[in-house]
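S.K.: Take this structure first; my questions come after.
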Amino acid sequence: MKNKNRSKVRLIVSLIVMLVLAAVMTGCGGKSNVTLSDGKVNVVTTFYALYDFASRIGGDKANVINLVPAGVEPHDWSPKSRDLKNMSKAQLFVYNGAGFEGWVHDFLDSLKKDSGVSVIEASQGIALLHGAAHEDDHGHDEKKTKGKDEHGHGEDDSDVDPHVWVSPKSALKMAENIKNGLVQADAANKSYYEANYETLRKQLSDLDAKFTQSLAKAPKKEIVVSHQAFGYLCRDYGLTQMPIMGLSADSEPTAQDLKEINKFVRDNQVKYIFFEELVSDRMAKTLAKDAGIETLVLNPLEGLTQEQAKAGDNYVTVMENNLQNLLKALQ
């Protein structure tokens with residue numbers, strides 16, 4: 001009898017764990033419906049920032065599916081069979097481009113021309129930053145743009161900084177590209193999408209103005225970040241970033257890198273080292289402790305935490321919080 005009771009308890013506990021995991025995977029970071037809808041235009045996006053823009057422009061007319069689960073680093077994610085099915089049967093597929101989604105070229109090459117899927121590269125039209133490998137590049141202004149083919153394939157994406165969305169100036173262009181994609185996929189609701197886009201455009205324009213005006217007055221311009229994800233923000237608002245890790249959040253700094261970071265902290269009297277919620281803060285906190293300074297969050301908006309999603313946060317609110325932390329660090 002005791003064994004039966006134990007088995008029932010184990011079964012109940014297992015079911016609870018499965019339900020909790022399912023809620024976590026679908027309840028935050030922009031993971032909405034994972035199935036296609038017959039009554040709406042189906043939009044598949046590759047990570048949170050694109051999901052947020054597409055959801056707000058698409059409104060009630062769009063069923064937006066975000067591919068990357070909450071808490072997962074988009075750099076390392078790759079689609080499963082269900083994801084590929086949704087992408088190939090959706091009316092609109094939105095990806096970042098600039099080398100961010102390493103798997104996307106194979107998918108686009110396999111997509112049949114008569115599939116009916118409209119494809120939008122959200123970074124199209126934004127001047128991309130290029131730099132050397134991490135060992136030689138700590139956010140220095142080595143940049144150029146390269147030609148792309150019809151699917152946004154660069155001549156060589158290996159040295160491209162893909163984190164375009166972290167700058168509100170880039171976000172304005174990305175939102176416009178997504179709006180155009182929705183109109184292309186569902187022309188009957190053009191006026192609806194354009195009205196929603198105009199609301200978002202105004203919010204992003206106001207955000208851009210806040211960044212421009214506030215950071216122009218900041219007495220310092222140098223920041224130390226855990227991950228080289230803030231190049232576009234620095235370029236657009238006159239800052240300089242010193243990253244601990246490279247363009248990929250899991251790259252490791254060398255001894256020479258750490259020596260240069262410590263020198264940068266001393267030379268520029270840096271008071272805070274920034275870290276990200278979705279990436280381990282171990283290295284940032286270790287460096288901050290060694291330097292006798294503190295840490296702050298600077299969110300690259302690759303996803304939301306469960307707490308942020310429950311609080312109703314979005315691109316604009318998270319970026320406003322980023323601005324407040326930047327201003328605190330740059331005093």
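S.K.: If I model a spin label as a point 7 Å beyond the Cα along the Cα-Cβ vector, how far apart are those points for Asn262 and Lys289 in nm?
M.R.: 1.5 nm
S.K.: How much accessible area does Met283 have with a 1.4 Å probe, in Å² rounded to the nearest 10?
M.R.: Approximately 40 Å² of Met283 is accessible to the 1.4 Å probe.
S.K.: Okay, moving on. 5 Å is the cut-off here: which amide hydrogens, built 1.01 Å from N in the peptide plane, fall below it relative to Leu129, excluding neighbours closer than 5 in sequence?
M.R.: Close amide H contacts, sequence-distant or interchain: Asp161.
S.K.: Could you list which residues have their amide H under 5 Å from that of Met242, counting only those 5 or more apart in sequence or on another chain, with H placed in the peptide plane?
M.R.: Answer set, sorted by chain and number: Ile223, Val224, Val225.
S.K.: What nm value, rounded to one decimal, do you get for the distance between Ser191 and Ala255 when each label is placed 7 Å out toward the C-beta?
M.R.: For the pair Ser191/Ala255, the computed spacing is 6.9 nm.
S.K.: Same structure, new question: How many angstrom separate the Cα center of the range 268-331 from the Cα center of the range 167-195?
M.R.: The two parts, judged by their Cα centres, are 30 Å apart.
S.K.: Which residues does a label at Glu198 reach in the range 33-72, if reach means a backbone N under 20 Å from a point 7 Å past the Cα toward the Cβ?
M.R.: Within reach of a label on Glu198, which here means backbone N under 20 Å from a point 7 Å along Cα→Cβ, the range 33-72 contributes 53-62.
S.K.: How would Asp208, Asp267, Asp257 line up by accessible area, probe 1.4 Å, largest first?
M.R.: Working: Asp208 25, Asp267 95, Asp257 0 Å².
Ranked list, largest accessible area first: Asp267, Asp208, Asp257.
S.K.: Can I ask one more? Do any of Lys40/Lys173; Lys80/Lys285; Lys85/Lys179; Lys112/Lys310 go past 32 Å between their Cα atoms, and which? Walk me through the intermediate numbers first.
M.R.: Details: Lys40/Lys173 25 Å; Lys80/Lys285 35 Å; Lys85/Lys179 23 Å; Lys112/Lys310 39 Å.
Where the Cα-Cα span goes over 32 Å, the pairs concerned are Lys80/Lys285; Lys112/Lys310.
The values are calculated or read from the model by the stated rules, or taken from the named source; none is laboratory data. All values derive from a computational prediction rather than experimental measurement. Cβ: placed from backbone, ideal geometry, glycine included. Neighbour counts: every protein chain shown. We work out accessible area using only protein heavy atoms, side chains counted, and drop any ligands, DNA or RNA first. Shrake-Rupley method; radii C 1.70, N 1.55, O 1.52, S 1.80 Å.
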